[in-house]
Amino acid sequence: MAPPLTAAQILAALRAEGLTVHEVKSWRTHSRAGHGAWGPLNGVMMHHTAGVSGMVDYCYNGNTDLPGPLCHGVIDKKGEVWLVSSGRANHAGGGDPAVLAAVVAENYAVRPPATHQHQGSAGAVDGNPHFYGFECVNLGDGKDPWPAAQVQAMVRAGTALCRAHKWGAKSVIGHKEWSDWKSDPAGPAVAMPTLRGYIKAALAAKPGTWTLTPAKPPAPPTPTPPRTTEQRLTDIEKRLTALEKKG
Ligand SMILES: [Zn+2]
C-alpha cells in the first residue's frame, strides 16, 4: 500500500532501469481524475494492445466507450516506453478482490488465486486505483512474436516501479490474472510466472544491469595440442643424452 509515485518519480525510476522513455504530450497531467480514486497503489499490470499501429495515440486518447488514458506506458516492439499518464487510467477495470489481497500480501506461490470476477460482475473491485498499467504492443493472437527487446523492457518497467515502491516481483500481474474474461498478455514469451522470475532477478541486481539474454560464459581455455610422435622421440633422446652425460 503506497501513495502513487509522481510523474517525475515514474520517469526517474524507468530511466534508472536503463529504459528508453518518451514523454507523450501532457502525460504528466493526463488522467481519469474525477472518475474514481487513484491510489493507494499496490502493483503493476501487464497488458497487450491487441493492435499494432497507432497504439501510443490510441492509449493516450482512448475511444468514445473507453476514454483515455488507457494505461501509464505503452511498450513498443523495440522495447521503448511511451508515457501517456501518471494518474488514474482506464486499464485494469473490475477484478477479483482475492487477487488484490494476494498481490498486497505477495503471499502466493507461482500464480495468484484464479480470478472469478470482471468489470461489472457482482463481486468485482475496481483495479484502476491500485495498479500501474503497461500496454505492450502485440496482436495478442498467440502468433505475433514478442521481440526479446520488448520482453526485456516489460521486465525493466515492472522492476522500476517495484523497486521504487519496495515491492517484490509478486506485485506484478497480468490483466488475465485480474479479470476472468481477459487473455492478456498472451503468449509463452510473456507468461507471467516467467516474467515475475525475471523481475525477481532484476530486483536483486543493480538498477539497469539485468538483461534478458544472459552474458556468454567465458570461453574454455584452449587445450594444449597433444605432442607429436616426433616431439616425443626428441624428448626421449634428450633424456638419454642427459643420462649419458651423468654416467
Ligand atoms: Zn488488458
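Coordinate-derived values only; no laboratory data. No experiment lies behind these values; they were computed from the predicted model shown. Ideal geometry is used to build each Cβ from the backbone, glycine not excepted, and the neighbour counts take in all protein chains shown.
Across segment 179-184, in residue order, what do the Karplus-derived ³J(HN,Hα) couplings come to in whole Hz, using 6.51 cos²θ - 1.76 cosθ + 1.60 with θ = phi - 60° and x for Gly and Pro?
With the stated coefficients, segment 179-184 comes to 10, 6, 10, 9, 10, 9 Hz.
Looking at the chain as a GNM with Cα springs under 10 Å, which of G43, G197, G168 has the largest mean-square fluctuation?
Checking each option, the largest mean-square fluctuation is seen for G197.
Which one, P221, P188, P147, has the greatest fluctuation when you compute a Gaussian network model over the chain with C-alpha springs under 10 angstrom?
P221
Among DSSP bridges having both ends in segment 7-204, what percentage is antiparallel? Round to the nearest 5.
Antiparallel bridges: around 30 percent, rounded to the nearest 5.
Lys/Arg Cβ at +1, Asp/Glu Cβ at -1, dipole of segment 7-204 taken about the Cα centre: which of C71, H165, Y108 is farthest positive-ward?
In segment 7-204, that residue is H165.
In the chain, how many lysine pairs have Cα atoms under 23 Å apart, counting only pairs 8 or more places apart or on different chains?
Going through the chain pair by pair, I get 21.
Along the Cα→Cβ direction, 7 angstrom out, place labels at K143 and A191. What is the inter-label distance in nm?
So the two model labels end up 2.2 nm from each other.
Grab the other residues whose beta carbon is less than 12 angstrom from that of Q9, score K and R as +1, D and E as -1, and report the net.
+3
Once amide H atoms are placed 1.01 Å from N in the peptide plane, what residues at a sequence separation of 5 or more from G133, or on another chain, have their amide H within under 5 Å of its amide H?
M45, H72, G73
Can you compute 3J(HN,Hα) from phi for each residue in segment 124-137, using the Karplus curve 6.51 cos²θ - 1.76 cosθ + 1.60 with θ = phi - 60°, rounded to whole Hz and x for Gly and Pro?
My calculation for segment 124-137 gives 6, 10, 6, x, 5, x, 9, 10, 6, x, 10, 8, 9, 5 Hz in order.
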